[in-house]
1. Please tell me if ALA119 is surrounded by 13 or more Cβ atoms within 10 Å (Cβ to Cβ), modelled with pLDDT of 95 or more, of a type in the set (Gly, Ala, Ser) and part of a strand (DSSP E or B).
2. Quick one: in the stretch 37-67, which of the residues that are of a type in the set (Val, Ile, Thr) and under 13 Å from the mean Cα position of the chain (by Cα) is farthest from LEU90 (Cα to Cα)?
3. Out of the residues in the stretch 75-92 meeting the condition of being surrounded by 18 or more Cβ atoms within 10 Å (Cβ to Cβ) and over 9 Å from the mean Cα position of the chain (by Cα), tell me which one is nearest to GLN105 (Cα to Cα).
4. Run HIS74 past the list (1) closer than 14 Å to ALA119 by Cα; (2) in contact (Cβ under 8 Å) with a residue 24 or more places away in the chain and report the number of the one that doesn't hold.
5. How many residues does the stretch 42-77 hold that are closer than 14 Å to GLU96 by Cβ, of a type in the set (Ser, Thr, Tyr) and touching a helix residue (DSSP H, G or I) at 6+ places or on another chain (Cβ under 6 Å)?
6. Please work out which residue is nearest to ALA18 (Cα to Cα), limiting yourself to the stretch 31-47 and to residues that are surrounded by 17 or more Cβ atoms within 10 Å (Cβ to Cβ) and touching a residue at least 24 places away in the same chain (Cβ under 8 Å).
Amino acid sequence: MILGTGIDLIEVARILGAVERFGDRFLARVLLPPEIAYCRSYSRPGPHIAARFAAKEAISKAFGTGIGKQLGWHDMEIARRESGEPYVVLHGKGAELLAARGGGQLHVSLSHTDNYATAIAILEDSPIFSSKAS
């Protein structure tokens, strides 16, 4: 059963503006070191940074919390499988929130162009809590 969904769309220029204004401070506030390293591995990191920003916003919407006291930027990490598929790693309050909501899986999908980045997140219940479980 789906417990929550979230979607976010952001202009890449908005994120690049924040990076230009605040530099590494902005990146360190929003992304974890492995995410920063991944984005910087590209000659044009802006769309990749923006996609991760959008993913974290979408995840916070799927949880119904927004980003703030209950769920912070560093409580969520967007990682990649060898196939290139993104997946979510929850840390700290993120992992606690998943357990509190009875969540089992958190799916994420990202997309970007030179101008926009978007992400969707779907929070599913755990089979233990599912009404279909026997």
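1. Answer is yes for this residue.
2. Result: ILE49.
3. Looking at residues that are surrounded by 18 or more Cβ atoms within 10 Å (Cβ to Cβ) and over 9 Å from the mean Cα position of the chain (by Cα), I get LEU90.
4. Among (1) closer than 14 Å to ALA119 by Cα; (2) in contact (Cβ under 8 Å) with a residue 24 or more places away in the chain, HIS74 violates only (1).
5. Count: 0.
6. Of the stretch 31-47, the ones surrounded by 17 or more Cβ atoms within 10 Å (Cβ to Cβ) are 31-32, 35-36, 38-39, 45-47.
Retained after the next criterion (residues that are touching a residue at least 24 places away in the same chain (Cβ under 8 Å)): 31-32, 35, 38, 46-47.
Values: LEU31: 13, LEU32: 16, GLU35: 17, TYR38: 18, GLY46: 11, PRO47: 13 Å.
Selected residue: GLY46.
The values are calculated or read from the model by the stated rules, or taken from the named source; none is laboratory data. What you see is a predicted model, and the numbers here were worked out from it, not measured in a lab. Reconstructed Cβ throughout: ideal geometry from the backbone, glycine too, with neighbour counts over all protein chains shown.
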